[in-house]
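Everything below concerns the one structure shown next.
The values are calculated or read from the model by the stated rules, or taken from the named source; none is laboratory data. All values derive from a computational prediction rather than experimental measurement. Every residue, glycine as well, gets a Cβ built from its backbone with ideal geometry; the counts of neighbours run over all protein chains shown. Heads up: the accessible areas ignore ligands, DNA and RNA and are worked out on the full protein's heavy atoms, side chains in. Shrake-Rupley method; radii C 1.70, N 1.55, O 1.52, S 1.80 Å.
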Amino acid sequence: MKTQPFSRRAFLRLTGSALGVGLLAACAPPPGQAPAASNAEAGAAPAQEPITIRYGRHDPGLGTNVTIDAFQEEHPNIKIAMEQIGEFPTKIPALAAAGTLPDVVRSWEAMLFEMVRGGQFIDLQPFIDVEPEFHAEDFYEAVYNYPVVDGKRYGINDVIATHVTYYNVDLFDQHEVEYPDPQNFTWDDFEQKARAISDPDNQIWGSETIPVGWHYFTLKQVWQNNGDFFSADYKSCTIDQTATIEAVQFWADLLLDGNIMPSPSQIIGIGGAGAAAELMGAGKIGMQRMGSWITTDLVNNKIKFNIVPEPKKERLATIAHGGLNAVTSTSPHQQEAWMWINYNCSTQGIYNYAAQGRFPAARRSTNEIEPHTWVADVDFDVNWDVVLESTEYAYMLPGPCNEGEVLKVIGDALEKIYNGDAKAADLFPEITPKVNEILADCESVAGLGCLAV
């Protein structure tokens, strides 16, 4: 579920002015496919030849085939062709430049905003307005409102993949360390318990390492101290504020300590970052702050675990990943594309996918179905409620303009800090004007935008 950004300027170069008037016209449903009928009415008159809706996504979409089969049985005139697109963050803008995007794209968070700025996704609200069985109130408000820009809705979220803290019960027991308190788990608690478990000489650590190249992993830690990388509207950089500086330096110091989590040099010694990601499943990590999708791996590796919220400093906060289903402006079958999104993002459609990935759903009704999608069948007690509760304090990842370039500047600074080559207090005030300059350079392509930027 990790977001990999692509450059705004690179995207604009790829799309170019050649799309011009065609994309501008495509910002609304084509005249012949206006959303003037419900799904039932639209499906009542099958086309003479089946219509194929291409559905592009970054993952294999396990469980979605069940939904596809059910949809095609109800709508024999529509075929859904699900495509797993490799190198997703670069391939999607390349497909946009070539005019060959799928009809529906399951977009990552910030990618959605970049595609909207380039005129690649259409407003779905006109379809929703005439769909009597959509029930927008069933969605969690924060994730439902996320893809709304200037009053227009550009995507429908299906799951909320939040981060929580997994802990290895056996390691805690072996070192006689008290389990984390799910009601009050702090950064200081995390450090104390991790330090008590760590045995670097035997390649056992109390905590997972910090994935330095994943900049938004650092951001969630900043949120926990009431800091941020950006203002609420993403138009300015706030990384030079005290709360952000203190948060980054706190975790950098723990990383460099080497007695709490594998340091950059220790990571190399155990096989690099890829190997570090597998340490929890190998029973060599006391705690890991990660998404609920790692449940399956822990169960398969027979790790006895439990779950508590992410540790906090000033407040509870964590990441909410999501898949935003959007109709592309170049699709010749936008009505049918919407029909597929509506079906796939229904209570049952989301359940089919979320149960395979161990995610909570963006719909409340889906989360009421038992067995719950985030729960695994294990023979020990797990506080599964923590996963669903995390949706109440999780935040969707930011969508700044020119995200790739912004994160390059921030990431270069973070790498120096995490390597011990610089301090956050010195670097962050220096890079803030550079990030603000990039954020300000957010012009839309003439003739392309469905959205005023």
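Could you tell me whether the range 265-419 comes out rounded, prolate or oblate from its Cα gyration tensor? Rule is a ≥ b ≥ c as square roots of the eigenvalues, rounded for a/c under 1.5, then prolate if a/b exceeds b/c, otherwise oblate. Since a/c reaches 1.5 but b/c is at least a/b, the shape of the range 265-419 is classed as oblate. Each Lys or Arg adds one and each Asp or Glu subtracts one; over the other residues with Cβ under 11 Å from the Cβ of S365, this totals -1.
Between T347 and I369, the distance separating the two model label sites (each 7 Å from Cα on the Cα→Cβ line) works out to 1.0 nm.
With r as the distance between the Cβ atoms of D421 and E278 and R0 = 30 Å, compute the FRET efficiency 1/(1 + (r/R0)^6) and round to 0.05. According to the calculation, E is roughly 0.60. Working from label points 7 Å from Cα in the Cα-to-Cβ sense, the A98 to D59 distance is 2.6 nm. Near K284, once Lys and Arg are set to +1 and Asp and Glu to -1 for all other residues with Cβ below 11 Å from its Cβ, the sum equals -3.
Charge tally for T318 (other residues, Cβ to Cβ under 13 Å; Lys, Arg +1; Asp, Glu -1): +2. A full extension of the chain between T186 and E141 corresponds to an added length of 13.5 nm, given 0.36 nm per residue minus the alpha carbon distance. The distance linking the range 353-396 with the range 107-167 is 20 Å (Cα centroid to Cα centroid, whole angstrom). Placing dummy labels 7 Å off each Cα toward the beta-carbon, the span from V378 to D150 is 4.8 nm. Mean separation of Cα pairs under 8 Å and 6 or more residues apart, divided by the residue count, gives the chain a relative contact order of 28 percent.
Solvent exposure of D173, expressed as accessible area, is near 80 Å², computed with a probe of 1.4 Å over the protein chains only.
For a Förster distance of 25 Å, can you work out the FRET efficiency between the beta-carbons of E49 and Q84, rounded to the nearest 0.05? After rounding to 0.05, the efficiency reads 0.45.
With the biggest extent put first, the Cα atoms of the range 184-264 measure 47, 29, 15 Å across the principal axes. Sparse packing (at most 14 other Cβ atoms within 10 Å of the Cβ) combined with a DSSP loop state is found for the following trypsin sites (Lys or Arg not before Pro) in the range 248-346: K302, R315. For the chain, the share of accessible area belonging to carbon and sulfur comes to 50 percent (1.4 Å probe, ligands and nucleic acids excluded). Once you order the gyration tensor axes a ≥ b ≥ c over the Cα atoms, which shape class does the range 404-444 get: rounded for a/c under 1.5, otherwise prolate or oblate by comparing a/b with b/c? Verdict is oblate for the range 404-444.
Sorting E403, E141 by solvent-accessible area of protein heavy atoms yields E141, E403, largest first, with a 1.4 Å probe.
For L256 and E314, the FRET efficiency from 1/(1 + (r/R0)^6), where r spans their Cβ atoms and R0 equals 25 Å, is about 0.60.
For Rg and Dmax of the Cα atoms in Å, one of (i) 23.6, 79; (ii) 22.7, 70; (iii) 21.3, 66 was computed from the structure I shared and the rest are decoys. Which label? Only one listed value fits the structure, namely (ii).
Amide H contacts under 5 Å for A361: I160, N367, restricted to partners 5 or more places along the chain or on a different chain, H placed in the peptide plane at 1.01 Å from N.
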